[in-house]
Amino acid sequence: MFDLAASDQDDLHGGRTPWQPHARRVPMAHLHESIRCDVVVVGAGITGALAAENLTRQGLDVCIVDREQPGLGSTVASTAMLLWEIDRPLRDFVISHGFERAATIYRQSAAAASGLLALISELAVDCHARANPSLYLAAGESGPQILLEEHELRRRAGLPGEFLDHQAVLSRFGIGREAALLSPGSADVDPVMLSQGLLAIAASRGARLFDAQACDFDSSATEAAIELDNGRVVAAKWIVLATGYALPDVVRSDLHSLASSWAICTPPQRRSALWPEDALIWEASESYHYARTTTDGRIIIGGEDETDIVEPDARDALIAAKTGRLLSELRRLRPQAKPVAEFAWAGAFGKTIDSLPMIGRVPGQPRMLGAYGYGGNGITFSFLASRVIADTIAGNERADYDAFSFERDRIG
Ligand SMILES: Cc1cc2nc3c(=O)[nH]c(=O)nc-3n(C[C@H](O)[C@H](O)[C@H](O)COP(=O)(O)OP(=O)(O)OC[C@H]3O[C@@H](n4cnc5c(N)ncnc54)[C@H](O)[C@@H]3O)c2cc1C
């Protein structure tokens with residue numbers, strides 16, 4: 001273990017998260033000369049790690065560049081619920097995109113969540129991964145009727161899940177809500193162990209990891225290159241941008257905006273204080289609270305998002321107040337749990353106008369691809385990005401992922 005304060009990315013998060021005690025120092029080399037490779041991945045969080053794993057699996061010569069320790073950007077602030085349900089209901093997508101397109105988007109997200117879990121299992125990545133169901137609770141204006149409509153649309157789209165009425169939510173989960181949708185196919189992990197584990201696998205296949213800041217990015221029809229802060233150049237056939245919420249100037253997009261989010265984690269609880277099935281709980285409202293458990297019996301609860309507080313000092317100054325509100329939510333959700341916050345933190349949170357990630361070709365840059373997960377399903381979308389990007393590099397670009405493109409229409 002090492003002193004995280006030295007590499008903490010204060011602009012991306014503040015406070016302490018439960019993943020920090022398990023983080024390891026990842027060996028990174030300094031680049032003293034300009035080099036060449038097949039693909040240079042900028043950013044070694046969960047998105048860059050998934051991309052590097054998939055690209056090295058295909059036998060490509062991959063370099064990864066990060067200005068900080070891998071996994072300690074937004075990834076360490078994540079509550080790491082790997083949901084396939086997007087934080088915008090299928091119902092809303094049907095209105096904006098039509099049923100077939102909306103169903104395709106949701107199915108792609110479901111396939112990404114199951115693909116990610118299968119990858120973790122296949123590679124035996126030690127990251128405390130568990131497959132668990134999600135419990136989507138009626139909240140605010142989204143009452144039983146709205147949830148029933150959502151359930152019916154999901155059923156038509158071939159997505160799994162069941163509708164629970166008030167009595168069923170109460171008897172099965174001890175939660176007094178009007179209704180809920182219970183769906184299989186989600187998971188939770190330790191996000192830092194996952195990203196560092198994937199990077200280690202990529203490195204074992206020859207990927208080179210460098211400690212440097214990329215300052216300049218450029219590509220033509222035939223080649224690409226990034227310039228580092230020490231003046232060295234990494235030339236490549238492709239650049240993959242996986243810089244999280246730090247969007248380089250070369251990416252011009254009016255789809256996304258920054259917000260802030262807060263979360264807490266309790267000490268280990270008595271088993272009887274946790275809810276059944278270790279379900280990933282979240283609410284059917286735009287500004288929702290969510291909760292999960294951990295393998296050592298803690299409860300993580302988060303939410304309280306603010307779109308107009310993004311400046312890091314102002315965001316972090318609210319940790320104490322937001323902790324109080326999240327503990328109140330915990331008392332409401334699980335009165336039998338001990339309402340104590342052992343960890344409390346705040347993080348930058350990227351959102352897009354339609355709740356979908358930005359994945360694929362960076363406009364105006366023929367050999368530059370972007371992998372920007374964003375939203376409540378950031379990590380699920382990072383997996384999707386790693387597949388779309390590898391397909392594009394392999395010459396199998398797929399049109400059915402156009403809902404995620406940087407140049408999609410602004411459908412709100
Ligand atoms: C409080 C909170 C809760 C969340 N909960 C969930 C959840 O439950 N489920 C979920 O799926 N998602 C969740 N998310 C979102 C998820 O955490 C993010 O989508 C994900 O971590 C983004 O990973 P990333 O690798 O793209 O970015 P990061 O982890 O930020 O990695 C980007 C890396 O790029 C590096 N970098 C940036 N610019 C440069 C440069 N110019 N040169 C070199 N290196 C550079 C940075 O140093 C960083 O290490 C949550 C986020 C927050 C804040």
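Stokes-Einstein diffusion for the chain at 25 °C, viscosity 0.890 mPa s, with a Kirkwood radius from C-alpha pairs, works out to 114 µm²/s. The listed peptides 85-94, 193-202, ordered by packing as a protection proxy, come out as 193-202, 85-94 (highest mean of other Cβ atoms within 10 Å first).
Remark: the stretch 313-318, residue by residue, has Karplus-estimated 3J(HN,Hα) of 5, 5, 4, 6, 5, 8 Hz, where x stands for each Gly or Pro and the curve is 6.51 cos²θ - 1.76 cosθ + 1.60 at θ = phi - 60°.
Summing charges over all other residues whose Cβ lies under 10 Å from the Cβ of R36, with Lys and Arg as +1 and Asp and Glu as -1, gives -2.
Protection proxy ranking for 386-393, 221-228, 275-282, using the average of other Cβ atoms within 10 Å per residue and placing the highest first: 386-393, 275-282, 221-228. The mean sequence separation of alpha-carbon pairs under 8 Å and at least six residues apart, normalised by the residue count of the chain, gives a relative contact order of 24 percent. FRET efficiency for the I95 to R36 pair, using the beta carbon distance and R₀ = 41 Å, is estimated at 0.25. Below 12 angstrom from the Cβ of G197, what's the summed charge of the other residues (Lys, Arg +1; Asp, Glu -1)? My count for the surroundings of G197 gives -2. Full extension of the chain segment joining R271 with A124 gains 50.2 nm, where the gain is 0.36 nm per residue of separation less the Cα-Cα distance. Segment D229..Q145, full-extension length gain: 24.7 nm, with 0.36 nm per residue of separation and the alpha-carbon distance subtracted.
From most to least packed by mean Cβ count within 10 Å, the peptides 289-295, 159-165, 185-191, 15-21 give 185-191, 289-295, 15-21, 159-165. Estimated at 0.36 nm per residue, the fully extended path between R205 and R155 surpasses their Cα-Cα distance by 13.9 nm.
Modelled spin-label separation between L170 and V340, with each label point placed 7 Å from Cα along the Cα-to-Cβ direction: 3.2 nm.
Two decimals is fine: what is log10 I(q)/I(0) at q = 0.22 Å⁻¹ for the stretch 316-412, from a Debye sum with one equal scatterer on every Cα and no solvent? Values returned for q = 0.22 Å⁻¹ are -1.06. In this simple spin-label model, placing a label point 7 Å from the Cα along the Cα-to-Cβ direction at both R107 and T295 gives a separation of 3.4 nm. For the Cα trace of the stretch 81-168, dividing Rg by the Kirkwood Rh returns an Rg/Rh value of 1.02.
Every read-out reported here was derived from the displayed coordinates using simple, explicitly stated rules and does not represent laboratory data. Keep in mind it's a predicted model, so treat the numbers as computed, not measured. FYI the Cβ positions are ideal-geometry reconstructions off the backbone, even for glycines, and counts take in every protein chain you see.
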